[in-house]
């Protein structure tokens, strides 16, 4: 005989997926106002959905700490499952249409700005010449967009993902060199020269760790999160920088100070959600990207 839903160890009522979805967004946004904006509703709707879910669960799921909505331990467990449900729902919403679609429609590719501006953008004419019904969006970002939530269809990343149900393919290595302006700086050595570098939030990327280990941060006179701005600053004589060879070798105002060998290199990875790998447009563009990167291997190293 079945036990009643109110028995110990069971929910007082079956949770509604939409209520769970509201809780997942609230956890991501940390405030009722921000969650309401993302969901396109008012704050009272978010609060009401949360109360309904907490009633169904029989326990509080959030508490207010330092002005932010923070999940309780039970809330953390529910949200971990809810995030997986969210990813599955996003995939299901697109799956049927995607599998029936040929190589047409919109495809979103995300990559760091060095690859987006200095490589991918230069290749798109070839892709469009092959697939006239394909519209391409390139998202240049140093942040890892969430492929499970369809913030992008394909990612080109400079580190292999450590988690997620993803298909990854190695695209090669991106080499870096030390660059200075065409007219030499007055400083006689790298250790005494001024340097330009990424902002401090990016201090843990390999090129900034190289700078800390080999030069130190004491001579950094300019910081920016945009690679082209750093390259321009170097060309204008503001300092030296460690830059991808893909960028440095194509900039007329720069000269390489580190010789033919790269001072460091980073792996490049093509990343696609597993459930989307056989969608025609995603499979086709993924294969095309692998082909182009391997063809141009020398320009990266």
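Structure data summary
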quantity: Options 258, 265; residue that is part of a strand (DSSP E or B), in contact with a strand residue (DSSP E or B) (Cβ under 6 Å, 6 or more places away or on another chain) and outside the structural domain of residue 84 (by TED's automatic domain parsing); calculated: 265
quantity: Residue match in the stretch 234-245 (condition: part of a loop (DSSP other than H, G, I, E, B) and buried (at least 16 other Cβ atoms within 10 Å of the Cβ)); calculated: yes
quantity: Residue satisfying condition, being loosely packed, with under 13 Cβ neighbours inside 10 Å and within 25 Å of residue 202 (Cα to Cα), within set 163, 126; calculated: 163
quantity: Counted residues, the stretch 97-154 - those being modelled with pLDDT of 80 or more and closer than 13 Å to residue 279 by Cβ; calculated: 8
quantity: Every residue from the stretch 39-58 that is touching a helix residue (DSSP H, G or I) at 6+ places or on another chain (Cβ under 7 Å) and loosely packed, with under 14 Cβ neighbours inside 10 Å; calculated: 42
quantity: Of residues in the stretch 220-232 being crowded, with 19+ Cβ neighbours inside 10 Å and in a helix (DSSP H, G or I), the one farthest from the chain's Cα centre (by Cα); calculated: 231
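Every residue, every condition in (1) touching a helix residue (DSSP H, G or I) at 6+ places or on another chain (Cβ under 9 Å); (2) in a strand (DSSP E or B); (3) farther than 22 Å from residue 297 by Cα, yes or no:
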{"residue": "118", "(1), (2), (3)": "yes, no, no"}
{"residue": "122", "(1), (2), (3)": "no, no, no"}
{"residue": "126", "(1), (2), (3)": "yes, no, no"}
{"residue": "129", "(1), (2), (3)": "no, no, yes"}
{"residue": "132", "(1), (2), (3)": "no, no, yes"}
{"residue": "151", "(1), (2), (3)": "no, no, yes"}
{"residue": "163", "(1), (2), (3)": "no, no, yes"}
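The values are calculated or read from the model by the stated rules, or taken from the named source; none is laboratory data. The model shown is predicted, which means the values in this text are computed figures rather than measured ones. Using ideal geometry, Cβ is built from the backbone for each residue, glycine included, and neighbour counts are taken over all protein chains shown.
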